[in-house]
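Down below is the structure, laid out as structure tokens.
The values are calculated or read from the model by the stated rules, or taken from the named source; none is laboratory data. Note that the coordinates shown come from a computational prediction; the quantities given were computed from them, not determined experimentally. Every residue, glycine among them, receives a Cβ derived from its backbone with ideal geometry; neighbour counts consider all protein chains shown.
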């Protein structure tokens, strides 16, 4: 597949709709419905599980099983405490960043629909009175203001402890080729694996194995969706895609994070959970198809669903192809369109090299 541009108008329209929809950890169902609707023409059947992980399957009767996977959930907050005068305090749902919250608008998800609010923050003029210096945001000081006067008024809106809170920031394209949105981590992964399925269908590819296009839930709270679904699928191979850090922006130490940059290609990871021969197949595929790529070393764990697949079912040959991203866990996450396309190309072309009896033995 040598086509330079593989994303079409329909692809971009789906990406925008999919990113703009809220899918906080534990509440991914609406996003999963959108994803399944888009994927449906390109697969044979679906598997879903109790907690909401969705799997589109091609060749479901094949004994040899290959997974390509991303995770569907986004970070968010929970309502934790409502004061008598109607202010709301929160706890994390995933790795939400208290530093970016002040002055952000929020959507609180209730049975009555969305309730709008803002993370309040005292004016700069008032924060350093008494010579104590400026105050940095902390979870225990971050609060949401709904414009209500009392706890009773808040509760009448349908807001209660346990309601989940997301940011409303939506998709845009910056400078023609940068995709910007909250929740690119990692709904862009679900998007990319869906595009692989589309290309397989449009190019009339018949695979010699079963392909399980897997959109897992609850990655942001410990890889839980992948941990569950791998026991259901029992795959022979798993290729996971997630995001990783662009380390070239200010305030990041390359000696710690390595050197990765958006626009320079997919990132192939070296880590204990990454099976060496599968990783080398991916590298060989990139080189054979002139797909630019970068390398990343991860100590002990990758911190992605790769770990859940690799150490399941007695060991599953697993690898990680990451998309470099700026400003992770903010509302302005940024990726390069070229990298998105090249991750899709790399997964697609790697699948064409996998045989239905490939054991990826450590000693191969």
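Tabulated data for the structure shown
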quantity: Complete set of residues in region 98-113 that are surrounded by 14 or more Cβ atoms within 10 Å (Cβ to Cβ) and either modelled with pLDDT under 95 or outside any loop (DSSP other than H, G, I, E, B) (or both); calculated: 106, 107, 108, 109, 110
quantity: Strands (runs of 3 or more DSSP E) contained in region 167-258 and holding at least 2 residues under 16 Å from the mean Cα position of the chain (by Cα); calculated: 178-181, 210-216, 237-245
quantity: Among (1) touching a helix residue (DSSP H, G or I) at 6+ places or on another chain (Cβ under 7 Å); (2) surrounded by fewer than 18 Cβ atoms within 10 Å (Cβ to Cβ); (3) within 25 Å of residue 270 (Cβ to Cβ) - the single one residue 239 does not satisfy; calculated: (2)
quantity: Output for region 285-317, where each listed residue is within 15 Å of residue 265 (Cα to Cα), out of contact with any helix residue (DSSP H, G or I) (no Cβ under 7 Å at 6 or more places or on another chain) and not in a loop (DSSP other than H, G, I, E, B); calculated: 287, 288, 294, 295, 296
quantity: Residue in region 296-309 that is modelled with pLDDT of 95 or more, more than 16 Å from the chain's Cα centre (by Cα) and surrounded by fewer than 17 Cβ atoms within 10 Å (Cβ to Cβ) present; calculated: yes
quantity: Single condition residue 14 does not satisfy, out of (1) out of contact with any strand residue (DSSP E or B) (no Cβ under 9 Å at 6 or more places or on another chain); (2) outside any helix (DSSP H, G or I); calculated: (2)
quantity: Count of region 66-80 residues which are farther than 13 Å from residue 185 by Cα and surrounded by fewer than 24 Cβ atoms within 10 Å (Cβ to Cβ); calculated: 3
quantity: Single residue of 83, 126 found to be outside the structural domain of residue 306 (by TED's automatic domain parsing), in contact (Cβ under 8 Å) with a residue 60 or more places away in the chain and surrounded by fewer than 20 Cβ atoms within 10 Å (Cβ to Cβ); calculated: 83
quantity: Sole residue being in a helix (DSSP H, G or I), more than 30 Å from residue 105 (Cα to Cα) and touching a strand residue (DSSP E or B) at 6+ places or on another chain (Cβ under 8 Å), chosen from 268, 321, 282; calculated: 282
quantity: Where residue 329 falls short, out of the listed (1) in a loop (DSSP other than H, G, I, E, B); (2) touching a strand residue (DSSP E or B) at 6+ places or on another chain (Cβ under 6 Å); (3) modelled with pLDDT of 95 or more; calculated: (2)
quantity: The listed residue being assigned to a loop (DSSP other than H, G, I, E, B) and surrounded by 14 or more Cβ atoms within 10 Å (Cβ to Cβ), out of 26, 56; calculated: 26
quantity: Filter result (part of a loop (DSSP other than H, G, I, E, B) and without any contact (Cβ under 8 Å) to a residue 40 or more places away in the chain) within region 129-140; calculated: 132, 133, 134, 135, 136, 137
